[in-house]
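J.: First the structure, which I've put down as structure tokens, then a few questions once you've had a look.
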Amino acid sequence: MEFTRRGALAVGAGAVAASVLPSFAFASVDDAVAAFTGGAELGEGGLTLTTPEIAENGNTVPVSVDAPGAEAVMLLAAGNPSPDVCTFNFGPMAGAQSASTRIRLAGTQDVVAIAKMSDGSFVRASNEVKVTIGGCGG
Amino acid sequence: MKTSSLRKTLGLSAAALAMGCGAALADADDNLVVNGEIEMVTQTEAPEHVEYLSTIRSGWTYRSDETQQFQMDDFDNPAMIFVDEARASWNTAEGSEGKSCASCHGTPEESMKGLRAVMPKWNEEAGEVWTLEKYVNDCRENRMGADAWGWTSTPMRNMTALISVPSRGMPVNVAIDGPARETWERGKELYYTRTGQLELSCANCHEDNHDNFIRADHLSQGQINGFPTYRLKNARLNSIHGRFKGCVRDTRAETFSPGSDDFVALQLYVASRGNGLSVEAPAVRN
Amino acid sequence: MAKGVRPRVKVPGSASAGDVITIKTLISHPMESGQRKDSDGNVIPRSIINRFVCDFNGENVIDVTMEPAISTNPYFEFQAMVPEGGEFKFTWYDDDGSVYEEAKSISVG
């Protein structure tokens, strides 16, 4: 079927659309997580995800991750047309297993981080970010 | 009647939103220091000619902590990408005379300090109020023999940002007396004139309802001391007239054109409402 | 090659041996997501930077795989160890095959 951006945003945005296109976005989040973890169980703790509570514009949302001792951290935006955002792989010269970047969010949604720890275990953290849809186009 | 019902509506939606999301709203008393060294006045007593506000506030004070932080360090401020582009253009000779900006003006730091703070201003020779854009194009056409840039074109937005940088931290000090008075009066009239199907004047949002919400937008005083400004929305610099056009269009009116005498007059008036705030351009807004 | 791409990095000029320093990087790039349409309704093809790598004296600091959800003008901030003086090398990889590079030296004293 034709999958438009508008349609994709609607899926991210709400349950009404989700009933039309059942769990499209959510399934691909699971897929992305599975591809990263190989299906391993997800724990909690040891991973801090910092996001704004309210983003004034979804185009440029600052996010940070901090996971002492992690090998890699994957970021996902559960409500975007495609949930993948980026994966930070930390090398031997990393001074800390932390990083910040700026991301795009199609609307209010959960931002998810999964860290691969050095012992091979995985932990998950997620925050809801409310994205302001303003009326003043300018 | 219309005014009071509008106020009520805006007030209600503001209350609803404030209840919905609580914190994260900016504090008017936050301090803006750029690069740990340029101290900005973001809040001060309103100039005498601003009759209905006691305090003037930079648009920065209305933004969320995250948006505010973008402006606190030049490396974090994406506007500086465009300033760098303008710097390259500043040093590039163009036109029939084989001159660049640098040929006459050296570096912007040497020659442009303070200029942004007094813009727009009366140009005696031309017999009218000139903005930075007019000065830039006068140089291009008459000294460089190059084509004029469009008022809201990318190179013009970038160049006006570069020219503003050396004035950052200086107080806006636009002259409204003498020959500029007539233009200023015209601008003031425009500021208070309702336009469009929504019948909104600049004042309805930015004077009567600043700090309230219009749907999810936290209304500022519409100060222009940070322009040209980088907006997260379109990830580029935005000109003063471009922003005016957007606002007027949002009232569902036919807008004036960027570069028109009407917008120049409005710019002089709006700039004068910010006399005493620091030049922040290029600022970062949502 | 996307137009006007220009990398920039912020690295302290000097540090003490064993210090952990903060590095910031920013590269001007539109990061066209492949989700947008032009005025005729045609999809604008995806054109992004898909990978960013920072190495110090040939050893990896951070290696980031990037998707279209990274904002226009990609920005990264991270930490690096500085056991000795040397050179940081920064590399960005574009969808179109272009590679953008930048290097910064740091002295230890």
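The values are calculated or read from the model by the stated rules, or taken from the named source; none is laboratory data. Keep in mind it's a predicted model, so treat the numbers as computed, not measured. Positions of Cβ are generated from backbone atoms using ideal geometry, with glycine treated the same way; all protein chains shown enter the neighbour counts.
J.: Among the listed residues B:Gln221, B:Gln197, identify the single one that is away from every other protein chain (no Cβ under 12 Å) and in contact with a His (Cβ under 7 Å, 6 or more places away or on another chain).
T.: B:Gln221
To keep it simple, each residue is scored yes or no on (1) under 13 Å from B:Ser167 (Cα atoms); (2) basic (Lys, Arg).
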{"position": "B:Arg87", "(1), (2)": "no, yes"}
{"position": "B:Cys101", "(1), (2)": "no, no"}
{"position": "B:Cys104", "(1), (2)": "no, no"}
{"position": "B:Arg116", "(1), (2)": "yes, yes"}
{"position": "B:Asn123", "(1), (2)": "no, no"}
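J.: Related question: Taking B:Thr193 and the conditions (1) without any contact (Cβ under 8 Å) to a residue 12 or more places away in the chain; (2) part of a helix (DSSP H, G or I), which numbered condition does it fall short on, given that it satisfies the others?
T.: Against the list (1) without any contact (Cβ under 8 Å) to a residue 12 or more places away in the chain; (2) part of a helix (DSSP H, G or I), B:Thr193 comes up short only on (2).
J.: Pull up region B:273-286, narrow it to residues that are of a type outside the set (A, V, I, L, M) and either surrounded by fewer than 24 Cβ atoms within 10 Å (Cβ to Cβ) or in contact with a Lys or Arg (Cβ under 8 Å, 6 or more places away or on another chain) (or both), then point me to the one that is farthest from B:Ser54 (Cα to Cα). Working first, answer last.
T.: Going residue by residue through region B:273-286, those that are of a type outside the set (A, V, I, L, M) are B:273-276, B:278, B:280, B:282, B:285-286.
Now restrict to residues that are either surrounded by fewer than 24 Cβ atoms within 10 Å (Cβ to Cβ) or in contact with a Lys or Arg (Cβ under 8 Å, 6 or more places away or on another chain) (or both): B:275-276, B:278, B:280, B:285-286.
Values: B:Asn275: 13, B:Gly276: 13, B:Ser278: 17, B:Glu280: 21, B:Arg285: 24, B:Asn286: 25 Å.
The selected residue is B:Asn286.
J.: If only one of B:Val270, B:Val248, B:Val264 is closer than 20 Å to B:Ser54 by Cα, in contact (Cβ under 8 Å) with a residue 24 or more places away in the chain and surrounded by 18 or more Cβ atoms within 10 Å (Cβ to Cβ), which one is it?
T.: B:Val270
J.: If you scan region C:54-67, which residues turn out to be more than 7 Å from chain A (Cβ to nearest Cβ) and surrounded by 18 or more Cβ atoms within 10 Å (Cβ to Cβ)?
T.: The answer is C:Cys54, C:Asp55.
J.: Before we move on, is B:Phe256 more than 26 Å from C:Ser28 (Cα to Cα) and either of a type in the set (D, E, K, R) or in a loop (DSSP other than H, G, I, E, B) (or both)?
T.: So B:Phe256 passes the test.
J.: Does any residue of region B:110-127 turn out to be farther than 26 Å from B:Glu182 by Cβ, of a type outside the set (D, E, K, R) and surrounded by 14 or more Cβ atoms within 10 Å (Cβ to Cβ)? Break it down into steps so the answer makes sense when it comes.
T.: Taking region B:110-127 and keeping what is farther than 26 Å from B:Glu182 by Cβ, we get B:110-113.
Next cut, of a type outside the set (D, E, K, R) only: B:111-112.
So of that shortlist, the ones also surrounded by 14 or more Cβ atoms within 10 Å (Cβ to Cβ) come out as B:111-112.
Taking every residue of region B:110-127 in turn, at least one turns out to be farther than 26 Å from B:Glu182 by Cβ, of a type outside the set (D, E, K, R) and surrounded by 14 or more Cβ atoms within 10 Å (Cβ to Cβ).
J.: Conditions: (1) among the hydroxyl-bearing types (Ser, Thr, Tyr); (2) free of Cβ contacts under 8 Å to residues at least 60 places away in the same chain; (3) in contact with a Gly (Cβ under 9 Å, 6 or more places away or on another chain). B:Ser153 meets all but one. Number of the miss?
T.: Looking at each condition in turn, B:Ser153 falls short on (3).
J.: Here's something else I'd like to know. Restricting attention to region C:87-104, does a residue exist that is at the interface with another protein chain (Cβ under 7 Å from one of its Cβ atoms) and either surrounded by 14 or more Cβ atoms within 10 Å (Cβ to Cβ) or outside any loop (DSSP other than H, G, I, E, B) (or both)?
T.: No; the residues of region C:87-104 include none that is at the interface with another protein chain (Cβ under 7 Å from one of its Cβ atoms) and either surrounded by 14 or more Cβ atoms within 10 Å (Cβ to Cβ) or outside any loop (DSSP other than H, G, I, E, B) (or both).
J.: Out of the residues in region C:35-52 that are free of Cβ contacts under 8 Å to residues at least 40 places away in the same chain and in contact with an Asp or Glu (Cβ under 9 Å, 6 or more places away or on another chain), state the one that is farthest from the other protein chains (Cβ to nearest Cβ).
T.: Looking at the filtered set, the residue picked out is C:Pro45.
J.: Could I ask something else about it? Look through region B:154-188, keep the residues that are out of contact with any Asp or Glu (no Cβ under 7 Å at 6 or more places or on another chain) and assigned to a loop (DSSP other than H, G, I, E, B), and return whichever of them is farthest from B:Ala102 (Cα to Cα).
T.: By that ranking, first place goes to B:Asp177.
J.: Next up: Looking only at region B:175-214, count every residue that is modelled with pLDDT of 95 or more, of a type in the set (Phe, Trp, Tyr) and closer than 21 Å to B:Tyr62 by Cβ and tell me the total.
T.: The total comes to 1.
J.: Follow-up question, since we're still on this one. Report, ordered by the first and then the second residue, all pairs with beta carbons closer than 6 Å, sequence separation of six or more or different chains, a first member in region A:93-115 that is more than 9 Å from chain C (Cβ to nearest Cβ), and a second member that is of a type in the set (Lys, Arg).
T.: Filtered contacts from region A:93-115: A:Thr108/A:Lys130; A:Ile114/A:Arg124.
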